[in-house]
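Beneath this line is the structure, given in structure tokens, with notes to follow.
The values are calculated or read from the model by the stated rules, or taken from the named source; none is laboratory data. Treat the numbers as computed from the prediction; the structure is a model and nothing was measured. No Cβ is skipped: glycine too gets one built from the backbone with ideal geometry, and neighbour counts run over all protein chains shown.
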Amino acid sequence: MIGLIGKKIGMTQVLNPLGDFWPVSVVQAGPARVTKVMTKEKEGYTGIQIGFGDVKEKHLNKAQSESFKKTNVKPARHLKEFRLTAEEASGYQVGQEIGPDVFQEGDFVDVHGRTIGKGFAGVIKRHHTSRGPETHGSMHHRRIGSIGASSFPSRTWPGHRMPGHLGDANKTVQNLLVVGVNKEDNLLLIRGSFPGSDNALVTITKSFKRAKIDITQYLNRTAPGAPSKKEAAAKKPVKKK
């Protein structure tokens, strides 16, 4: 399944066809370059490798530098492989540029990123536990509380929720709707939010669970031939005061 590597620009809002505001995340998804095409005979599987972002050759190690020289492709800072069928992979060539137009309005996508690191955190912030008593010298306002019995099991069970490092972890948000594609500026507008701070690297792939939809029909939430929301509201009787 083809995907893209992109850079999260930030969030804004757009008007949908019904005139309501949608919060959207803006991703700079391209231009990306095909740096390698994998075949069943050589690599044992079929797919393509995509490079995103420019990098100076002096910042590459010898293996990376020789790999780019061998394929005669401009060096890329970030590389990502996508598994494809043999038929899909045959449509790509080394050096070919790929932009956000691999997605269309109405597509559902899965976005993978890395959450914002928040350092060392207590159980209230990390696991959303309740506070302890706040008066009469309880000394247990934000503490962890009991972590096990004394005689049995005479130890703390593995996986117990305790203070520790919060954030800075890989996470995927599924079924986000593509509401805009700007091929000229290589921008994707995706409804909703996903992990990563501004300028963070994200990976976008087509959703495994949901297929493409018609946005207008999605907004109306009606079956074909049924009245739209506006038509239904017009037919609704008005109560007299």
(message) Every residue in the stretch 3-17 that is closer than 17 Å to G113 by Cα and either surrounded by fewer than 22 Cβ atoms within 10 Å (Cβ to Cβ) or out of contact with any Gly (no Cβ under 7 Å at 6 or more places or on another chain) (or both), please.
(response) G3, I5, G6, K7, I9, G10, M11
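If you go through the stretch 116-160, how many residues are under 30 Å from D198 (Cα atoms) and without any contact (Cβ under 8 Å) to a residue 60 or more places away in the chain? Step through it out loud before you land on a result.
At the first step, the residues of the stretch 116-160 found to be under 30 Å from D198 (Cα atoms) are 116-129.
Right, trim to without any contact (Cβ under 8 Å) to a residue 60 or more places away in the chain and you get 117-129.
Here the count works out to 13.
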(request) Give the residues of the stretch 52-70 that are in contact (Cβ under 8 Å) with a residue 12 or more places away in the chain, loosely packed, with under 14 Cβ neighbours inside 10 Å and in a loop (DSSP other than H, G, I, E, B), sorted by residue number. (result) K56
(request) For the stretch 84-99, state whether one or more residues are in contact with a Ser or Thr (Cβ under 8 Å, 6 or more places away or on another chain), assigned by TED's automatic domain parsing to the domain that holds S207 and surrounded by 17 or more Cβ atoms within 10 Å (Cβ to Cβ). (result) yes
(request) Scan the stretch 18-39 residue by residue and report those that are outside any strand (DSSP E or B) and surrounded by 11 or more Cβ atoms within 10 Å (Cβ to Cβ). (result) L18, A29, G30, P31, T39
(request) Run Q49 past the list (1) under 16 Å from N186 (Cβ atoms); (2) surrounded by 15 or more Cβ atoms within 10 Å (Cβ to Cβ); (3) modelled with pLDDT of 90 or more and report the number of the one that doesn't hold. (result) (1)
